[in-house]
Amino acid sequence: MNPLLLTLREITHRWMSSSLIVLVVMTITATLGYFSVNSSGYKKEITRNTRDIGSNVVILPASVDQFQYHSNGGISDQTMSENVVQQLIQYKASLNHLIPMLERMGECSVNDRQVIARIVGISASIPMPGRPKSPMQKMLNGGKVQLGSLLAEELSISREESVSVLINGRSFLVDRVNRSNGTWQDSSVFLDLAEAQSLFGMRGQVSRIEAIECTSEKCEEFGVQSEVVLMNELAAITDQAAILRRDRMAIARVSIRKISQDNLQLMQNVLWSLLAMAMIGLSALNSIQRTAEVGILQALGFGPGKILCVFLLRSILLAVVGVFLGIVLGCGTAFVQAQDLFTATGKKLRFDWNSATMISVVAIMLSVIASSIPALIASRRDPASVMGKEY
Amino acid sequence: MSDTNNILSLRGISHQYSVGGRQIEVLSDVDLDVADGEIVEIQGQSGSGKTTLLLAGGGMQKPTAGQVSVGGQDLFRMTTSNRIAYRSRNIGYLFQTLQLLPYLTVFQNLILGPGVLSREAKSLLEQFGLSERMHHKPGSLSHGQRQRTALIRAMVHQPKLIIADEPTGNLDEENARIVFQALRRFADAGNAVLIASHDPILSDFSDRRYQLEEKKLLKEGSGPGI
């Protein structure tokens, strides 16, 4: 008789124990699938949130007196060539999201109200080649400005109002009043970098470049300081610029990403071990239940290989069903939940077919390998056992 | 009896079991021949070694010492895979506990082994009055019907030898006679049967009877009615 048919009949006959195996494989695979989708969602959400905290590296002109810079509230008159950005890109420095800026204090006025505020020319964030990232800063529209909330209040501009503002005597349409974020940005005005350079007559000049370092995790691993890596890189590129690292932000960013990844990895390892142990136990139970059956199959001419095949076929069939249901259930639930759970990135989460395939293949292989141990023992059982224990 | 007519030949069979670190000998230097056309009956008390002798004779368990030949071939000189194949072609087994697979139908139980012809299975089902139950599962049959199914499975691949261990242990006299008559017909067709049984009816059908006592086979008698 065909071993597949024999196996199918046995599975339906012992439907309780078969269902138990499917249930175990399904539950563990579902949990793995759930964590896989969640892990991918977490990673994206943490990356986005830590990115949104702001840049943790500032590249300033080398001539900036950092004491004065901080005393003045993080602004200086010194500038450097915008080419530094291109040099960083060509060098593939350990930085992401490069945002060149030109900042000056200047006069903003609307009708009869005027204030001196920080005027920030800002470029769209520039990705490093080979490290594609969603933009941290979008390009501002030409001829338009965005106002910090406190500045708008000072100029008596409401959020919905369509109004023009004079900056150093040039008129710009207010594109948007930004929400308050509790920083200097609330009292600043933002415009496109090229327009700011033109406005201040400083073509090709920037006063700082903000960025996010991407060395931290490797540095942690190899026990070197990110700051040292970045300083060395910058020294190799130019002597026009100096680096300022916001330590706390950088460390928090690395730490939170590492902890979440380590936890998920630990959880996955625990689940894989559980699957292997459950399969060994349940398969052993099945082989014990079938002691007499193995004996009769041997008596009827089934060799150890064919008996092993019958047991393994059972494991494969049940594991495939369990894995399929588990992936659909686990990934599906996590995917639906992710839309609400990850408020910043949930809607952009895509189903990760590679992870789902990897989990499925590993779960099936692990189930089969785990159940092959009791199957092997069953296939090599003494056929005499079928005739009873009596002498 | 000449050696050439012997289907089963046991020479110098001894067997020991290890129980709790102690060696218990159940068979000692046992010789037995079963020729074609013969039913040989083994009797003995529980634990006397009957089952061990049958297991050795059927090539299911290698004795500690001795030689087992079926159809002139020494079973334990073969490789395991060759022995399994040889057993499945030449030996049929009939157990007291029947060992029908509960999830297969009567017919599927019969064609489970390799090389079994459906035609032969259907013909035997017809002979044993089980044609109408061929698609039923063993659980829905009476004990007598299940025993007949097991009997058909033992002979459906047309073996030379049937090894039967208490085949009528749980049967009434009528069903026991059906089983023994079938075994008699099987032997009369030029085959051999080695059977362990306490059933008194068996003496009407067997050719020789042995008593297994003190690890040795003692001949009690031969001929119809013994």
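The values are calculated or read from the model by the stated rules, or taken from the named source; none is laboratory data. For clarity, every value in this text was computed on a predicted model and none was experimentally measured. Neighbour counts run over all protein chains shown; Cβ positions are idealised from the backbone, glycine included. Please note that ligands, DNA and RNA were not included when accessible areas were found on the heavy atoms of the full protein model with its side chains. Shrake-Rupley method; radii C 1.70, N 1.55, O 1.52, S 1.80 Å.
Counting only residues at least eight positions apart within a chain, or on another chain, the lysines with an alpha carbon under 26 Å from that of A:LYS44 are A:LYS92, A:LYS133, A:LYS138, A:LYS218, A:LYS258, A:LYS347, A:LYS348. By how many degrees, 0 to 90 and rounded to 10, does the Cα axis of helix B:118-127 deviate from the longest principal axis of chain B? Around 90 degrees separate the two axes. Normalised by residue count, segment B:3-222 yields a Cα convex hull volume of 130 Å³ per residue. What are the lysines whose alpha-carbon lies under 17 Å from the alpha-carbon of B:LYS122, with same-chain residues fewer than 8 places away excluded? Answer for B:LYS122, where 17 Å is the Cα cut-off: B:LYS137, listed by chain and number.
For the segment A:297-310, counting C-beta atoms of other chains within 10 Å of every residue's C-beta and taking the mean gives 5. Only helices reaching 27 angstrom along their own axis (Cα) with mean Kyte-Doolittle hydropathy no lower than -0.5 count here, and for the DSSP H runs of chain A these are A:15-53, A:247-289, A:304-341, A:353-379. Residues whose amide H lies under 5 Å from that of A:ARG176, counting only those 5 or more places away or on a different chain, are A:VAL145, A:LEU147; hydrogens are built 1.01 Å from N in the peptide plane. Among the GluC sites (Glu not before Pro) found in segment A:138-167, those both in a DSSP coil and sparsely packed, with 10 or fewer other Cβ atoms within 10 Å of their Cβ, are A:GLU160. In segment B:67-139, the convex hull through the Cα atoms has an average projected area of 6.2 nm², a quarter of its surface area.
The alpha carbons of segment A:57-245 occupy a box of 58, 32, 27 Å along the principal axes, longest dimension given first.
Each Lys and Arg adds +1 at its Cβ and each Asp and Glu adds -1 at its Cβ; summed about the Cα centre, segment B:1-98 shows a dipole of about 500 debye. FRET efficiency for the pair B:ASP31 and B:ASP204, taken as 1/(1 + (r/R0)^6) with r the Cβ-Cβ distance and R0 = 25 Å, rounds to 0.40.
Beta bridges per DSSP, both residues in segment A:57-245: antiparallel share near 80 percent. Of the solvent-accessible surface of the protein assembly as shown, computed with a 1.4 Å probe and all protein chains present, 53% belongs to carbon and sulfur. Size of segment A:216-358 from its Cα atoms: along the principal axes, largest to smallest, the extents are 87, 36, 23 Å. Within the listed set B:ILE42, B:ILE24, B:ILE111, the Gaussian network model of chain B (springs between alpha-carbon atoms below 10 Å) gives the highest mean-square fluctuation for B:ILE24.
Taking chain A as a Gaussian network of alpha-carbon nodes connected by springs under 10 Å, the highest mean-square fluctuation of the residues A:VAL24, A:VAL320, A:VAL270 belongs to A:VAL270.
With a ≥ b ≥ c the root eigenvalues of the C-alpha gyration tensor of segment B:63-188, is it rounded (a/c under 1.5), prolate (a/b larger than b/c) or oblate? Here segment B:63-188 falls in the prolate category.
Using alpha carbons only, the radius of gyration of the protein assembly as shown set against its Kirkwood radius gives Rg/Rh = 1.36.
Of the residues B:LEU125, A:ILE296, A:ALA235, the one whose Cα sits farthest toward the positive end of the charge dipole of the protein assembly as shown, with +1 on the Cβ of Lys and Arg and -1 on the Cβ of Asp and Glu, is B:LEU125.
Each principal axis of the Cα atoms in segment A:240-324 has its own extent, and those three values, largest first, are 86, 26, 21 angstrom.
Normalised by the number of residues in chain B, the average gap of Cα pairs under 8 Å and 6 or more apart makes the relative contact order 28 percent.
How many percent of DSSP beta bridges within segment B:3-222 run antiparallel, rounded to 5? Walk me through the numbers on the way to the answer.
Details: 23 of 41 bridges.
Antiparallel bridges: around 55 percent, rounded to the nearest 5.
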